[in-house]
Amino acid sequence: MAKNLLAAQSGGPTAAINATLAGIIEQADAMEGIDRIYGARYGIQGVLSERFLDLGERLRTLGASEFGEEQEKRRWERMLNRLSTTPAAALGSCRYKLKDPAEDSSEFEALFRIFRKYEIAYFVYIGGNDSMDTVAKLSRFLAERGESGITVVGAPKTIDNDLFGIDHCPGFGSAAKYIVSSLSELERELLVYDTDYVILVEMMGRNAGWLTAAAALCEGRNSEIPYLLYLQERAFCLDRFLTDVRDRLREHRQVIVAVSEGIRDENGIMLCDYDGVDGGLDAFGHRIASGAARVLERAVQREIGCKVRSIELNLLQRCAGHILSATDVEESRELGRNAVRLALRGRNGVMSSLRRLPGPDYAVEYFPVEITEIANRERKVPDAWINAAGNNVTPECRAYLRPLIRGEQSCAFEDGIPKYVVLF
């Protein structure tokens, strides 16, 4: 009986999720005991509908087409490297919540039959909090029925950086690098004008303010422009915000404000709801939030009256392949390799993880963490890392963030246009 590996991607895309996929393919191809490497299109939904690709065959075909003059091993390496710098989910994604198997096991029975049909011995699911919920349910179902021939392992990703059981999440470093690069460029816009000017920038982070915190890395690097940061973890007060802006404008004629999309006031009302627009819920019941910066723009116009612009980075911060953190890409790929090693050791129901090593120089080690410690939990910015005024972060937070954006990688370009790997 063959032993095949199946990989799939789920949740929101990131600039580094395909580096994890490349690590999975690379490690699986190099190890004895794995016959074929499949990829499921569109996450767990694609598994249920049997929408599979032979990833080894697909990459070798693409490599022969693009780098036909080179030796096969070199073509293989170049395709994996290109996949690593291709942003978003090359296999496609989904936001699909499996039912509780204790209430309805039909989906899990179907998954088991499909794994048997395609001789899947190892399933690696790449994703964030909700994807780890899928890993937890599926691994528990297999364990409860005494099935030891299929190993389910999670591989992390999320730009929100809110997963438990890991020092920092793949995809976050590149999103943070995009943010600090964009804000550094916006500083140049501000410095053009000899007038009071406020730019408000809204970052993703429905329930955690890590991306907003990353904005602090810009402050003082290329100008004296002051920054104000408002993270989801602290209750927001509009009057205090306006006072903060007035105070900074008295010190300096330009101000940059970074704000989490999910900030709430003292009554728990999301700032984006001040517009009276309900963004609805996603498939996992999470509130869809955006528009906080627009609310603040109108408040500054009304109460202060200076030049003001709001910018919502939105999807741009997730898939910027032209400005990647080398640290993020390298670690994401190694987490994929580690996931395969864990799967072959039969570590069912764990996630491939990393932790920061002590010492003056930044370094990490890779290890497994039980999925039950991760699923359906969120790790927020520690309150101690937010300043007393609630409008910036502490030096400890900056020290944590700084190594994650180091090093530069970029996607390939052809005729001046980004060149990405297209798997289907």
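The values are calculated or read from the model by the stated rules, or taken from the named source; none is laboratory data. Only a predicted model underlies this, so the values are computations on that prediction, with no experimental measurement involved. Cβ: placed from backbone, ideal geometry, glycine included. Neighbour counts: every protein chain shown.
See the values below:
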| quantity | calculated |
| --- | --- |
| Test: residue 75 is within 20 Å of the chain's Cα centre (by Cα) and basic (Lys, Arg) | no |
| Checklist (1) closer than 30 Å to residue 248 by Cα; (2) free of Cβ contacts under 8 Å to residues at least 60 places away in the same chain applied to residue 357, failing item | (1) |
| Residue in the stretch 52-75 that is aromatic (Phe, Trp, Tyr), over 23 Å from residue 412 (Cα atoms) and either in contact with a Phe, Trp or Tyr (Cβ under 7 Å, 6 or more places away or on another chain) or not in a helix (DSSP H, G or I) (or both) present | yes |
| Residue count, the stretch 1-34 (criterion: farther than 26 Å from residue 107 by Cα and out of contact with any helix residue (DSSP H, G or I) (no Cβ under 8 Å at 6 or more places or on another chain)) | 2 |
| Which numbered condition residue 404 misses (of (1) part of a loop (DSSP other than H, G, I, E, B); (2) surrounded by 15 or more Cβ atoms within 10 Å (Cβ to Cβ); (3) at pLDDT 95 or above; (4) of a type outside the set (Lys, Arg)) | (1) |
| Residues (crowded, with 24+ Cβ neighbours inside 10 Å and in contact with a strand residue (DSSP E or B) (Cβ under 7 Å, 6 or more places away or on another chain)) located in the stretch 199-224 | 200, 202, 203, 205, 209, 211, 212, 213, 215 |
| Residue satisfying condition, being surrounded by fewer than 16 Cβ atoms within 10 Å (Cβ to Cβ), of a type outside the set (D, E, K, R) and under 24 Å from residue 163 (Cβ atoms), within set 368, 382 | 382 |
| Residue, surrounded by the fewest Cβ atoms within 10 Å (Cβ to Cβ), within the stretch 74-102, restricted to residues that are farther than 25 Å from residue 158 by Cα and at pLDDT 95 or above | 74 |
| Residue identified as on the phi > 0 side of the Ramachandran plot and either surrounded by 14 or more Cβ atoms within 10 Å (Cβ to Cβ) or at pLDDT below 95 (or both) among 359, 416, 321 | 359 |
| Some residue of the stretch 361-374 being closer than 30 Å to residue 221 by Cβ, in contact (Cβ under 8 Å) with a residue 40 or more places away in the chain and outside any helix (DSSP H, G or I) | yes |
| Enumeration of residues in the stretch 1-36 that are at pLDDT 95 or above, surrounded by fewer than 20 Cβ atoms within 10 Å (Cβ to Cβ) and among the charged types (D, E, K, R) | 3, 29, 35, 36 |
| Meets criteria (over 22 Å from the mean Cα position of the chain (by Cα) and at pLDDT 95 or above) for residue 225 | yes |
| From 67, 52, 108, residue being farther than 22 Å from residue 338 by Cβ, among the hydrophobic types (A, V, I, L, M, F, W, C) and modelled with pLDDT under 95 | 67 |
| Yes/no for residue 315 being part of a helix (DSSP H, G or I) and surrounded by fewer than 22 Cβ atoms within 10 Å (Cβ to Cβ) | yes |
| Some residue of the stretch 37-46 being buried (at least 19 other Cβ atoms within 10 Å of the Cβ), at pLDDT 95 or above and in a loop (DSSP other than H, G, I, E, B) | yes |
| Residues of the stretch 225-252 satisfying the condition of being surrounded by 18 or more Cβ atoms within 10 Å (Cβ to Cβ) and in a loop (DSSP other than H, G, I, E, B) | 225, 226, 231, 232, 233, 234 |
| Selection status of residue 418, within 19 Å of the chain's Cα centre (by Cα) and closer than 27 Å to residue 85 by Cβ | no |
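Yes or no, residue by residue, for (1) part of a loop (DSSP other than H, G, I, E, B); (2) surrounded by 20 or more Cβ atoms within 10 Å (Cβ to Cβ):
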position: 294; (1), (2): no, no
position: 302; (1), (2): no, no
position: 308; (1), (2): no, yes
position: 311; (1), (2): no, no
position: 336; (1), (2): no, yes
position: 342; (1), (2): no, yes
position: 348; (1), (2): yes, yes
